[in-house]
Amino acid sequence: MHYPRYNTLKRTVTFSLFLFFAVSLSAAESADGKQLLMDSCSNCHQIDMPNKASLTLQEKINRKGPPLYFAGHKYQQAWLENWLQHPRRITPSGGNYWANAVVVTDEGDEIDENKLTAHIAVNQQQAIAITQYLLTLKPFPDLIREGEYTPGKVPRMLAAKDFRKFKGCVACHRDEEGFGGVTGPELYTAMKRLTPEYIASYIRNPTAWEPRSLMPNSHLNDAPIYKLMNYLNIIVEDLP
Amino acid sequence: MNSVNRITSFFLLAVTLYSLSVTAQAESGITGKSLYQAYCSQCHGLYGDGFGVNSYDIDVAPRDHTDAGEMNARTNEDLFKAIKFGGKSVNKSPLMPNWDGNLDDQEINLIIKHLRKICCEGGQ
């Protein structure tokens, strides 16, 4: 016997059950992720949205790791899940306030490797759960213009000159391994780590994200911002 | 009625003065030294000698702020302009960024006082 209406009903029920369990699982992972974050990460990272008035220079100096309360805008899921299992340093002077790891020597100021600490690693299941939760943290939708950036072409040499000489980004950031400033995060991995919308928004107005950001606001309009991002797209391809 | 008006005026004046004082107040405990260390020392060095941890791979050497001769050749207005609007505004390197989005005028003046201390008064 063939019952088309019964089969349709069965399919609908099966799909609904699948959807229910998928959503429940995701919610459970996200809840577990929050607990894991609170237990293991909140000593070094700001996880809950703080009062803006508390984001002082002293808070920045005391900070041990980057704030995570806007992680959902900032990070790419695949990168985050992988990095949490295999963490490695992204900012050569450490993830905290740069001067905490720098010493004065006769040759000039240098990073003291003894002052840098390694980030803890988690297992795959924990990484997925933490990522699920972090990606829900999106408190600044007004700062993000969804889908605003379309990758474009830029001649590599000119773009490198723009990054290093004209915009001066290289003073704080590296655009290749071993070359560039050490107090900002490396940028040759930026397009794998960060969402393009966040990169554009942060360049446009760093202090809107972090009131005591140490990144200057160069008052760039969209075209020069996208030009820099096109360069980031070129250099990310150099990664093995 | 007059006394009500007077009380209302006094109250409004008090609220206005309080608002102005809060607006003009710098972040508690902030000093020229702490601002200099956070925003300037990355390139200019923790001691201000131009050998900051970021100075190694850039084309133009950061200014040595302990050089009294160089620093005395610059007025406070020159320094203010360079800090607020960047190196280009005083015909210097664009590698010196504009800090107008990060520092208010009061904070820039605190940094200038600190610069005068490290260049010419032997202070760190």
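The values are calculated or read from the model by the stated rules, or taken from the named source; none is laboratory data. Since we're looking at a predicted model, the values are computed, not measured. For neighbour counting, all protein chains shown are included, and Cβ atoms are generated from backbone atoms with ideal geometry for every residue, glycine included.
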Check your understanding: In this structure, does residue A:127 turn out to be assigned to a helix (DSSP H, G or I), touching a residue at least 40 places away in the same chain (Cβ under 8 Å) and either exposed (fewer than 13 other Cβ atoms within 10 Å of the Cβ) or not assigned by TED's automatic domain parsing to the domain that holds residue A:212 (or both)?
Key -> yes
Revision key, fill the gap. Contact list, first residue from region A:135-149 and touching a residue at least 40 places away in the same chain (Cβ under 8 Å), second anywhere and among the β-branched types (Val, Ile, Thr), beta-carbon distance below 9 Å, six or more apart or interchain, is A:137/A:47; A:138/A:144; A:144/A:195; A:149/A:199; A:149/A:225
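Look at residue B:52 and say whether it is farther than 18 Å from residue A:164 by Cα, within 11 Å of chain A (Cβ to nearest Cβ) and modelled with pLDDT of 95 or more.
no
Determine whether region B:62-83 contains at least one residue that is within 11 Å of chain A (Cβ to nearest Cβ), within 19 Å of residue B:101 (Cβ to Cβ) and modelled with pLDDT of 95 or more. Please lay out each step first, then the result.
Taking region B:62-83 and keeping what is within 11 Å of chain A (Cβ to nearest Cβ), we get B:62, B:83.
Checking the rest, the ones that are also within 19 Å of residue B:101 (Cβ to Cβ) come to B:83.
From what's left, modelled with pLDDT of 95 or more: B:83.
Checking region B:62-83: at least one residue is within 11 Å of chain A (Cβ to nearest Cβ), within 19 Å of residue B:101 (Cβ to Cβ) and modelled with pLDDT of 95 or more.
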Point to revise | Failed condition for residue A:80, given (1) outside any loop (DSSP other than H, G, I, E, B); (2) over 24 Å from residue A:236 (Cβ atoms); (3) of a type in the set (A, V, I, L, M) | key: (2)
Practice item. Being at pLDDT 95 or above and closer than 19 Å to residue A:47 by Cβ is the filter; apply it to region A:80-97 and report the residue that is nearest to the other protein chains (Cβ to nearest Cβ). Key: A:90
**Study point:** Matching residues, region B:84-124, being free of Cβ contacts under 8 Å to residues at least 40 places away in the same chain, within 11 Å of another protein chain (Cβ to nearest Cβ), closer than 21 Å to residue A:60 by Cβ and not charged (D, E, K, R)
**Key:** B:97, B:98, B:101
Exercise for review: Look at residue A:176 and say whether it is within 14 Å of chain B (Cβ to nearest Cβ) and of a type outside the set (Val, Ile, Thr).
Suggested key: yes
